[in-house]
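One structure below.
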Amino acid sequence: MNNAKLSAQLSSALQLTLAPVAIAFPDAAPAGVAPFEGVVPAGCAFWQHATRRVFLTAAKDHALCAIGVHTHHLANPVPAHQTELADTLKAMSGLDYVRAEEVGALPVLRREVKHVLYGPLGEFPAEPQIVLIFAHARQGLILSEAVARIDSGAPPALGRPACAAVPQALNHGNAALSLGCCGARAYLDALDDSVALWALPGAKLERYCAEITTLARANQTLAQFHERRRAEVEAGKRPTVKESLNRLSS
């Protein structure tokens, strides 16, 4: 596993302020990994905890998040899960926030999940199945360019619920962009109004990282090119592209 190397590569190229988060879905609890202690209001809250430490969860830890239990296809949910899910969807439907046909279209993990392992990518003790990145627009620009090269197309931009980005990326094997949802933005300080969430399938992580590094370097050089070119034009000059490139290299 090159998790530490890939995490450092992502953090450096994108200038991340939060560690990339790794997620895996082991059938058995890994040895030496502590279970999560405490209570969270929603499963997405685990992502913020996972920027700092490695831990393991089961369905009971997600019990207050009926939507997250559903999208993550968690095994052995608490007995009240179906009632909680029905009440949640009824409330959302009453606000015309979610309609019946939209519920059926929500991404859900195809395989039943017994455990969810979370942690910073650099410290992750297993092969990540999903890597989450909190990114602002400039970082997202580089991510979108890299993803388009590897996935041969633009990533889907998902809305509510934010947790749907995980099954979307894992089920299809391609990256997904989540604009979050009002719940995730209430529960996660990291998901402020300037930030979106990217979900990358772990199977392609090395390839994404290579392109992200290349494109981050290219974006930095081209940003300088455009900034200097703007200054020249605003000063009354009409430089050719060749002249601007020569000044960039001088």
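Derivation of every value follows stated rules applied to the coordinates shown; laboratory data play no part. Treat the numbers as computed from the prediction; the structure is a model and nothing was measured. When we count neighbours, we look across all protein chains shown, and the Cβ atoms used for this are built from the backbone with ideal geometry, even at glycine.
Remarks
- Measuring r between the beta carbons of residue 141 and residue 182 and using R0 = 25 Å, the FRET efficiency lands at 0.50.
- Summarising the label geometry, the points placed 7 Å from Cα in the beta-carbon direction at residue 244 and residue 190 lie 3.7 nm from one another.
- Ranked by how many other Cβ atoms sit within 10 Å of their own Cβ, fewest first, the residues 85, 14 fall in the order 85, 14.
- Taken over the alpha carbons of the range 1-81 as equal point scatterers, the Debye sum produces base-10 log I(q)/I(0) values at 0.24 Å⁻¹ of -1.21.
- Ignoring aspartates and glutamates fewer than eight residues from residue 237 along the same chain, the ones with Cα atoms less than 16 angstrom from its Cα are 227.
- Gyration tensor (alpha-carbon) shape descriptor, the range 131-170, a/c threshold 1.5: oblate
- Gyration tensor verdict on the range 105-154 (Cα atoms; rounded if a/c is under 1.5, prolate if a/b is larger than b/c, oblate otherwise): oblate
- For residue 113, the residues 5 or more places off, or on other chains, whose built amide H falls under 5 Å of its own are 74, 75.
- Most positive-pole-ward Cα, 38, 173, 48, against dipole of the range 3-204 from beta carbon charges: 173
- Per-residue ³J(HN,Hα) for the range 226-239, Karplus 6.51 cos²θ - 1.76 cosθ + 1.60, θ = phi - 60°, Hz, x for Gly and Pro: 5, 5, 5, 5, 4, 4, 5, 5, 5, 8, x, 8, 10, x
- Potential extension, residue 148-residue 224 segment - 0.36 nm per residue separation minus Cα distance: 25.0 nm
- Shape analysis of the range 177-223 places it in the oblate category; the axes a ≥ b ≥ c from the Cα gyration tensor give an a/c of at least 1.5, with a/b not above b/c.
- Scattering profile of the range 3-204 at q = 0.10, 0.16 Å⁻¹ [log10 I(q)/I(0), Debye over alpha-carbon scatterers]: -0.39, -1.04
- Relative to its Kirkwood radius, the Cα radius of gyration of the range 151-201 gives an Rg/Rh of 0.98.
- Förster radius 25 Å - calculated FRET efficiency between residue 217 and residue 5, Cβ distance, rounded to 0.05: 0.90
- Gaussian network model of the chain, Cα within-10 Å springs - most flexible of 24, 86, 196: 86
- Contour excess over end-to-end distance, with Cα ends at residue 237 and residue 76 and 0.36 nm allotted per residue: 51.1 nm
- Working from the Cα coordinates of the range 155-250, the gyration tensor eigenvalues give, after taking √(5λ), semi-axes of 38, 19, 10 Å in decreasing order.
- The label point for residue 15 and the one for residue 111, both projected 7 Å from the Cα toward the Cβ, are 3.9 nm apart.
- Long-range tail of P(r) for the range 34-126 (Cα pairs > 19 Å, %): 45 percent
- Electrostatic dipole magnitude of the chain [Cβ: Lys, Arg +1; Asp, Glu -1; Cα centre; debye, to 20]: 860 debye
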